[in-house]
Amino acid sequence: MLKGFLKRLAKESPAAKNTVQPIIIPRNEHSISRAAISQNALKVLYRLHGAGYGAYLVGGCVRDLLFGFRPKDFDIATDARPEDVRKLFKNCRLIGKRFRLAHILFGKEIIEVATFRTHHEKAHEQHAKKSHHGMILRDNVYGTIEDDVWRRDFTINALYYNIADFSVVDYTGGMQDIKNKLLRMIGDPEQRFLEDPVRLLRAVRFLGKLSIHVSPETEKLLNQLSHSLQHVSPARLFQEVLKLFQEGATAATFELLHKYRLFEQLFSQTAETLNQPETKKLLDEALINTDARAKEGKTISPAFLLAVFLWRPVLQQSIHLKTEQLPPYAALEKALQSVLQIQAKQLAVPRTLLISVREICMLQHHFNYRYGSKPYRILEHPRFRAAYDLLILRTKAGEPVAEIAEWWTAFHLGDASAREKLLKTGNKPAASKKRRRGFRVHSKS
């Protein structure tokens, strides 16, 4: 009966939806404790409430708390306009054109406050606008909590924690979906994905992170609409990829991206090499290690993961260039330049990250220099550890670099005496016909 009711609810018009009465889950019937909420978020909630405004935790933080995770961010929804929020908080700044938001700054922590929004059908073009693909371009249409809930993407993200009485407000059956571990889109899935195609990536991220299953009507569109990511700006896609890297379930998420043909929209060059066993093995090993680091609370390096994802296309292209009589160093350098240029059109990777990726990959060539003072200089390079980790992964993936990896393992772990002995056994690459001026490892990016 409940399932049938929810299906009818999803098909109703926005006006009809606003008449639905929410389910109020009192404090003694849910697991959210204020002890698990950021003290700064509580300060914002209490001040908004004290000033007579509605104040709710909403979205991912409520979802994560109910699933037993510790949220990284705490977002707040309110009926206060952004300008009203700024008057209440001296440490507030207003940001965004597509979405007008208030950021409350507490040192490194930012509490994001959004005003309730309503439907585009009620708005003038000055405040709301869609592209001809159906994607939302501007979204400053204010409304009530009853309007706001139907603008959210998935039911598990549409739960509101009310600071007034510590209850959870549920309009869409999200609490039941959390209990059933079900990912379900609010409203018509096709329309909602087309409004914001990034939701395709969010769906996969939630499936991987939360180990839940997806409703059939939502799942069938993940494949069908994967191409719509081409209409999203490379900058937004890059930010979403960063989240995919940092959720602690990258291995499971990668499998889902591949399954739903979303991976090729983000890393088209890497996708073309996935039929090679070495590529799959390299990515699997890297992502398993990344998840282990996340579980231990260690930092995740986006530059390292990007280098791993792009290494096989770079290697493949450099091998091709060497057949055209280019020296190994020049071939690798030219291949890197080409691959990074193409990748930047899909994801707007910041220049500093691109430089780091380039250095990690170029060090794979420099690892061949195992004589004189060169290994010591390589050892001091700020990207040495990331490059060394890639070298080890290449060995595990089946590339013929095991002997080089063993030498570098012994060298960087050894004492002064052991290193000197290793240098006597190190390889000195044969000089190329066209003599280069000298070898230099850049220590600064």
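Data table
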read-out	value
Count of residues meeting criterion [free of Cβ contacts under 8 Å to residues at least 12 places away in the same chain and under 18 Å from LEU306 (Cα atoms)] in the range 320-349	2
Meets criteria (without any contact (Cβ under 8 Å) to a residue 40 or more places away in the chain and open to solvent by 10 Å² or more (accessible area, probe 1.4 Å)) for LYS259	yes
The listed residue being open to solvent by 30 Å² or more (accessible area, probe 1.4 Å), within 30 Å of LEU42 (Cβ to Cβ) and among the hydroxyl-bearing types (Ser, Thr, Tyr), out of SER167, SER211, SER233	SER211
Matching residues, the range 178-198, being open to solvent by less than 20 Å² (accessible area, probe 1.4 Å) and closer than 13 Å to PHE154 by Cα	ILE178, LEU183, MET185, ILE186, GLY187, PRO189, ARG192, PHE193, ASP196, VAL198
Top-ranked residue in the range 196-228 [being over 17 Å from ILE178 (Cβ atoms) and in a loop (DSSP other than H, G, I, E, B); ranked as farthest from the chain's Cα centre (by Cα)]	LEU225
Every pair of residues 6+ apart whose Cβ atoms lie under 7 Å, when the first sits in the range 41-60 and is open to solvent by 70 Å² or more (accessible area, probe 1.4 Å) while the second is basic (Lys, Arg)	none
The range 270-302, subset of a type in the set (Asp, Glu) and not in a helix (DSSP H, G or I), residue surrounded by the fewest Cβ atoms within 10 Å (Cβ to Cβ)	GLU296
Yes/no for ILE378 being within 17 Å of ARG419 (Cα to Cα) and either in contact with a helix residue (DSSP H, G or I) (Cβ under 7 Å, 6 or more places away or on another chain) or part of a helix (DSSP H, G or I) (or both)	yes
Of all residues making up the range 61-110, the number that are over 19 Å from ARG152 (Cβ atoms) and either in contact with a Gly (Cβ under 8 Å, 6 or more places away or on another chain) or part of a strand (DSSP E or B) (or both)	10
Residue count, the range 241-255 (criterion: over 23 Å from LYS396 (Cα atoms) and surrounded by 18 or more Cβ atoms within 10 Å (Cβ to Cβ))	3
Some residue of the range 221-228 being closer than 17 Å to LEU194 by Cα and touching a residue at least 40 places away in the same chain (Cβ under 8 Å)	yes
Subset of the range 332-343 (residues that are more than 16 Å from PHE263 (Cβ to Cβ) and either open to solvent by 40 Å² or more (accessible area, probe 1.4 Å) or among the acidic types (Asp, Glu) (or both))	GLU333, LYS334, GLN337, GLN341
Qualifying residue in the range 317-327 (condition: closer than 23 Å to LYS281 by Cβ, under 28 Å from the mean Cα position of the chain (by Cα) and buried (at least 17 other Cβ atoms within 10 Å of the Cβ))	yes
Some residue of the range 431-441 being among the aromatic types (Phe, Trp, Tyr) and either modelled with pLDDT under 95 or open to solvent by 70 Å² or more (accessible area, probe 1.4 Å) (or both)	yes
Residue identified as crowded, with 18+ Cβ neighbours inside 10 Å and without any contact (Cβ under 8 Å) to a residue 60 or more places away in the chain among PHE89, PHE99	PHE89
Among (1) open to solvent by less than 40 Å² (accessible area, probe 1.4 Å); (2) within 25 Å of SER268 (Cβ to Cβ); (3) basic (Lys, Arg) - the single one ARG370 does not satisfy	(2)
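The values are calculated or read from the model by the stated rules, or taken from the named source; none is laboratory data. Treat the numbers as computed from the prediction; the structure is a model and nothing was measured. Note: ideal-geometry Cβ built from the backbone for every residue, glycine included; neighbour counts use all protein chains shown. Ligands, DNA and RNA are excluded from the accessible area calculation, which covers all protein heavy atoms including side chains. Shrake-Rupley method; radii C 1.70, N 1.55, O 1.52, S 1.80 Å.
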